[in-house]
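S.K.: Encoded as structure tokens, here's the structure I'll be asking about.
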Amino acid sequence: MDYKEWIQNKAEELAQEQYDTEYYDLNDYQMAALYHQAEEAHKDYTAAMMDAACEAELDRRLGL
């Protein structure tokens, strides 16, 4: 899944959670706000993946 697809899926998920409706049924302001939240969630997701990869590499190098 590429970046844009991940963001779109997350924005649709957030629309269901926060407004109990489809993403495209929201007004422009709400769509933009959810898209921004999805971008922030992707940053957090990417950071967590990098942290996990670094921890795994450290464990590998230390023989743990």
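The values are calculated or read from the model by the stated rules, or taken from the named source; none is laboratory data. Because the structure is predicted, anything quoted here is derived from the model rather than measured. For neighbour counting, all protein chains shown are included, and Cβ atoms are generated from backbone atoms with ideal geometry for every residue, glycine included.
S.K.: Among (1) touching a Phe, Trp or Tyr at 6+ places or on another chain (Cβ under 7 Å); (2) in a loop (DSSP other than H, G, I, E, B), there is one condition Leu64 misses while meeting the rest; what is its number?
M.R.: Going through (1) touching a Phe, Trp or Tyr at 6+ places or on another chain (Cβ under 7 Å); (2) in a loop (DSSP other than H, G, I, E, B) one by one, Leu64 breaks only (1).
S.K.: Could you give me the residue pairs with C-beta distances under 9 Å whose first residue belongs to the stretch 35-55 and is more than 15 Å from Ala15 (Cβ to Cβ), whose second residue is surrounded by 10 or more Cβ atoms within 10 Å (Cβ to Cβ) and charged (D, E, K, R) wherever it lies, and which are 6+ apart or on separate chains?
M.R.: Close Cβ pairs (under 9 Å, with a partner that is surrounded by 10 or more Cβ atoms within 10 Å (Cβ to Cβ) and charged (D, E, K, R)) amount to His42/Lys10; Tyr45/Lys10.
S.K.: Pairs please, first residue from the stretch 17-29 and under 18 Å from Ile7 (Cβ atoms), second anywhere and in a loop (DSSP other than H, G, I, E, B) and at pLDDT 95 or above, Cβ atoms under 9 Å, 6+ apart in sequence or on different chains.
M.R.: Tyr19/Leu26
S.K.: Follow-up question, since we're still on this one. Residue under question is Tyr23, and the condition is that it be surrounded by 11 or more Cβ atoms within 10 Å (Cβ to Cβ) and touching an Asp or Glu at 6+ places or on another chain (Cβ under 8 Å); does it hold?
M.R.: On the way: surrounded by 11 or more Cβ atoms within 10 Å (Cβ to Cβ): yes; touching an Asp or Glu at 6+ places or on another chain (Cβ under 8 Å): yes.
Answer is yes for this residue.
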